[in-house]
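The values are calculated or read from the model by the stated rules, or taken from the named source; none is laboratory data. What you see is a predicted model, and the numbers here were worked out from it, not measured in a lab. Don't worry about glycine lacking a Cβ; one is built from the backbone with ideal geometry, like all the others, and counts go over all protein chains shown.
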Amino acid sequence: MEQNLTEPKKRIFSGVQPSGNITLGNYLGAIKNWVSLQDDYECIFAMMDLHTITVRQTPAELRKRTLELLALYIACGIDPQKSTLFIQSHNSAHAELAWVLNCYTYMGELQRMTQFKDKSSRHADNINAGLFTYPVLMASDILLYQTDLVPVGKDQMQHIEICRDVAQRFNGLYGDVFKIPEGLLVKSGAKVMSLTEPTKKMSKSDPNPKAFISMMDDFNVIAKKIKSAVTDSEGVIEFRPEDDAKAGINNLLTIMAAMTGSTPETVAKDFEGQGYGTFKGAVADAVVEAIRPIREEYDRIIKDKAYLQSIYTSGAENAYRIAQRTLKKVYKKVGFIIE
Ligand code: TRP
């Protein structure tokens, strides 16, 4: 009885596509923050493999990366005892709800999406319908679990908006079927920029491997990439976030701050008057030392295929059970015969 007095935990859903090597940007901007959400929320994190095939993949690579992503989540501190971890394609409800919601989403809404415009210009030879309806699948991911909060980066906020619009439209027609989720911009989440073009976000699909730090890179490669990061010729360590000419130094200060739990301004003070070479060396050391324990965990976990399988199997069972409740409700509302 007393248990009913405490509020149930709010639910969080988020995911990453197993489309490339997870970068330092993904870690500092997303996964690291998820770890700290686990105690206060009921968390569900998925490997979004259905989304990944909107861009052509090598099948063996996709399989490998999906498992690597799971091992990395765990190595970073996502605890399968606390949070649900599963592979999106293992829960058929995602594709099923996406079909229904496709019929409640307008072409015009999807045409406005910046990610669609961006990806179709980068993959002009493969502008497929899946790429176009990607936001509908993402809305389904979120809505199936009656999610309260979706921790994402700024670039994903437009997807949260369309998810809310579609959910509200559906609820307007059929009553309260979906909880209306909110995006959660994690304040402490650092936005890490490309090391070669520091005005662009660090991306795991950047064709230039020097632009990003992969969580899988050798430690000496990581150090080398940081030491050759693009900076400027001013030679002054100062945090000037509005000044694009300073983007390289701003980025290294941001990375260093995230590594040491400090602020870019404080880091800049600490290194005032020092040369870029010294500063870069310190950043490289800090990054390597932060990644080292994660990598040791990762190397251990990735070898244990049976363990990984047990995690994603029980994760999928849990995800399926929760999702079916929503899917059944939706099917009933739209007029499908359910049993
Ligand atoms: N679109 C997200 C990205 O590229 C990945 C994603 C798919 C996602 N479905 C989601 C994130 C649901 C949060 C919730 O980063």
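A few points about this structure:
- Looking across region 259-286 at every residue that is out of contact with any helix residue (DSSP H, G or I) (no Cβ under 6 Å at 6 or more places or on another chain) and among the charged types (D, E, K, R), the one that is farthest from GLY25 (Cα to Cα) is identified as GLU272.
- Filtering region 237-283 to residues that are over 19 Å from ILE213 (Cα atoms), under 27 Å from the mean Cα position of the chain (by Cα) and β-branched (Val, Ile, Thr) leaves THR263, VAL267.
- Residues (closer than 19 Å to PRO8 by Cα and over 16 Å from the mean Cα position of the chain (by Cα)) located in region 148-166: ASP148
- Filtering region 100-147 to residues that are of a type in the set (A, V, I, L, M, F, W, C), assigned to a helix (DSSP H, G or I) and farther than 30 Å from PRO8 by Cβ leaves MET107, LEU110, PHE116, ALA129, LEU131, PHE132.
- When region 223-247 is filtered for residues that are surrounded by 15 or more Cβ atoms within 10 Å (Cβ to Cβ) and free of Cβ contacts under 8 Å to residues at least 12 places away in the same chain, only ARG240 remains.
- Just so you know, in region 248-296 the residues that are closer than 18 Å to LYS224 by Cα and acidic (Asp, Glu) include one that is surrounded by the most Cβ atoms within 10 Å (Cβ to Cβ), and it is ASP285.
- Single unsatisfied condition, GLY175 versus (1) of a type outside the set (Asp, Glu); (2) more than 15 Å from the ligand (Cβ to nearest atom); (3) not assigned by TED's automatic domain parsing to the domain that holds SER19: (3)
- Within region 150-172, the set of residues being under 27 Å from LEU24 (Cα atoms) and among the polar types (S, T, N, Q) comprises GLN156, GLN158.
- Scope region 206-228; condition assigned to a loop (DSSP other than H, G, I, E, B) and among the hydrophobic types (A, V, I, L, M, F, W, C); matching residues: PHE212, ILE213, MET215, MET216
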